[in-house]
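K.L.:
I have a structure I would like to understand better, so I am pasting it below and will then ask my questions one at a time.
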Amino acid sequence: MPDDADLAHEILGALFERRQIPLLTSRPGGLAMDRAYRLSTLIETARARRGERPIGRKIGFTNMTMWKRFNVSAPVFGPMYDSTVRPLGAPFETAMLMEPRIEPEIAFRLSAAPLPGMAPEELIACISGVCAGFEMVQSIFAGWKFEAADTVAAFGLHGAFLHGPMLELSPADRRDWVVGLSSFETTLFRDDVVADKGRARNVLGGGPLAALGHLADLLARMPDAAPMQEGDVVTTGTLTQALPVSPGETWQVIFDGLPLDRIKVELV
């Protein structure tokens, strides 16, 4: 069995060389979730040494309608970097990613680190901004076949997060946001044709704030994990199915029940 450093090196090589590798969980000895998160930390350190700065977290598999399809039963998380998070505007090159898919998501910018056990009304007070975006996910495992531990070690499937304008959140708006974030609906379009629809409650039954609370609870049980902090950007998981994308497509998403404008990305 390769040691953690060797395995982390292999996973990073797959990323930078854009090549897929055999499942980690199918190898001798398998891959337990605690080791997968250790590998994720080693990879984050290695990427930081290459000049990539961690700027927040992505939470994956919060959409419970996807659990059976991908053989998972709980969310996972992974880091995002200044090299992978950028505002929408320029076309996105799909060749950057392996088997890319698109996910419309809500993201938060933190004003303080959420604590475990917080209610939605407390979580919203830890947020200074809200935006919508597309997470472009990828798989270093062929055919999007994997176990949950594989995804943790493989960057949480994160490829890029392309976001719309960040709306500043004032204390006077908090109550309305708590209501809206638990009840909104969304529609995803491919080339002006409806590709899928979603709703807030697809995300852990309570919406994006439930995802943020889950991450706070999970990190509290992982003493070796870096805590969330002020300024972090946290994506909260896809509201629809994660759909395959191809060059030449234009994707858009609208929100009903939140004061967020339509966002669009062109793929090349």
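The values are calculated or read from the model by the stated rules, or taken from the named source; none is laboratory data. Predicted model only: the values in this text are computed from it and were never measured. Here Cβ is always computed from backbone atoms with ideal geometry, including for glycine, and neighbour counts include all displayed protein chains. We work out accessible area using only protein heavy atoms, side chains counted, and drop any ligands, DNA or RNA first. Shrake-Rupley method; radii C 1.70, N 1.55, O 1.52, S 1.80 Å.
K.L.:
Restricting the first residue to region 21-45 and requiring it to be hydroxyl-bearing (Ser, Thr, Tyr), which pairs with a second residue that is open to solvent by less than 30 Å² (accessible area, probe 1.4 Å) and part of a loop (DSSP other than H, G, I, E, B) meet a Cβ separation below 8 Å and a spacing of at least six or different chains?
P.N.:
Hits for this filter: THR25/LEU31; THR25/PHE146; TYR37/ALA225; THR41/ALA225.
K.L.:
Among (1) of a type in the set (Asp, Glu); (2) more than 28 Å from VAL268 (Cβ to Cβ); (3) touching a residue at least 60 places away in the same chain (Cβ under 8 Å), where does GLU103 come up short?
P.N.:
Just one mismatch for GLU103, condition (2).
K.L.:
Within the set of pairs 6 or more residues apart or between chains, which connect a residue that is closer than 15 Å to HIS214 by Cα inside region 234-245 to a residue that is surrounded by 22 or more Cβ atoms within 10 Å (Cβ to Cβ) and basic (Lys, Arg) with Cβ atoms less than 6 Å apart?
P.N.:
Hits for this filter: VAL234/ARG57; THR235/LYS58.
K.L.:
Right, another one. Take region 93-142 and flag every residue that is part of a strand (DSSP E or B) and more than 24 Å from ALA216 (Cα to Cα).
P.N.:
The answer is ARG101, ILE102.
K.L.:
Is region 165-175 home to any residue that is part of a helix (DSSP H, G or I) and either buried (at least 19 other Cβ atoms within 10 Å of the Cβ) or in contact with an Asp or Glu (Cβ under 7 Å, 6 or more places away or on another chain) (or both)?
P.N.:
No: zero hits.
K.L.:
Do you know which residues across region 113-132 are open to solvent by 10 Å² or more (accessible area, probe 1.4 Å), among the aliphatic types (A, V, I, L, M) and closer than 13 Å to LEU169 by Cα?
P.N.:
ALA125
K.L.:
Hey, could you check region 222-249 for residues that are closer than 19 Å to PRO104 by Cβ and polar (S, T, N, Q) and say which is farthest from the chain's Cα centre (by Cα)?
P.N.:
Looking at the filtered set, the residue picked out is SER246.
K.L.:
Within region 1-70, which helices (runs of 4 or more DSSP H) (wholly inside it) include 3 or more residues that are surrounded by 18 or more Cβ atoms within 10 Å (Cβ to Cβ) and touching a helix residue (DSSP H, G or I) at 6+ places or on another chain (Cβ under 9 Å)?
P.N.:
4-17, 33-49
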